[in-house]
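Following: one structure in structure tokens, then a few remarks.
The values are calculated or read from the model by the stated rules, or taken from the named source; none is laboratory data. Everything numeric in this text was worked out from a predicted model, so none of it was measured. When we count neighbours, we look across all protein chains shown, and the Cβ atoms used for this are built from the backbone with ideal geometry, even at glycine.
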Amino acid sequence: MKDILSAIQSRRSIYALGRSVSVSNERIIELVGEAIRHVPSAFNMQDQRAVVLFGDHHEKLWSIVLEALRERVPADKFAGTSEKISGFSAAFGTVLFFNDSATVQKMQNQFAAYAENFETWSAQQQGMTQYAVWTLLEENGLGANLQHYNPIIDAAVREAWDIPADWTLRAQLVFGSVEAPAGEKEFLPLSERLKVFN
């Protein structure tokens, strides 16, 4: 088990993912649930939602993505697209992240003076939730990468898993065993990104 700083430092986009996972499905579900429960939200609006897909459900998602892309990607470029999607399908599972637009609308109505801010706050909460889940998976020895095939798959996803109409798909976090590490990452100097005044 890593400490939180080590998990933050080592969390990377891992694309070579497999199914040699020693973490139980129940533990993964617990991690996602705890992130959703404890990530802060403006006015405690709690609009973050998630669906965790394992096994055939995970593979079905990436079949949906592949078919949606088949209609959009030129035939002469589709082989590369198909290979990329096969890589996601070969992973252990996927977390689908949503926000509940009905909750956002309710907050806008309830706090009219701040109405224009709730969409921004919802996006911030969504990002924090995705990052928290990703980092928790890393802390538990799993690799992941974040994808955004929404909105082209939204209708098919809603139908396949009976997703409430008010849930808006925001991202797909693919996870599994790390079959090959991420490459080296370059960082801009902190002096260009961080200012401190004492």
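List of remarks:
- Checking each residue of the range 187-195 against the condition of being of a type in the set (Lys, Arg), at pLDDT 95 or above and in contact with a helix residue (DSSP H, G or I) (Cβ under 9 Å, 6 or more places away or on another chain) gives no match.
- When Phe175, Phe111, Phe97, Phe92 are checked against the criterion of being in contact (Cβ under 8 Å) with a residue 12 or more places away in the chain, farther than 23 Å from Leu53 by Cα and of a type in the set (A, V, I, L, M, F, W, C), a single residue qualifies: Phe111.
- Residues in the range 112-151 that are β-branched (Val, Ile, Thr) and under 12 Å from Gln172 (Cβ atoms): Val133 only.
- Phe88 surrounded by 16 or more Cβ atoms within 10 Å (Cβ to Cβ), under 14 Å from the mean Cα position of the chain (by Cα) and more than 19 Å from Ala132 (Cβ to Cβ): yes
- Residue count for the range 28-45, restricted to those that are surrounded by fewer than 13 Cβ atoms within 10 Å (Cβ to Cβ) and closer than 29 Å to Lys84 by Cβ: 0
- Residue that is nearest to Gln9 (Cα to Cα) [pool: residues in the range 104-134 that are β-branched (Val, Ile, Thr) and in contact with a Phe, Trp or Tyr (Cβ under 9 Å, 6 or more places away or on another chain)]: Val133
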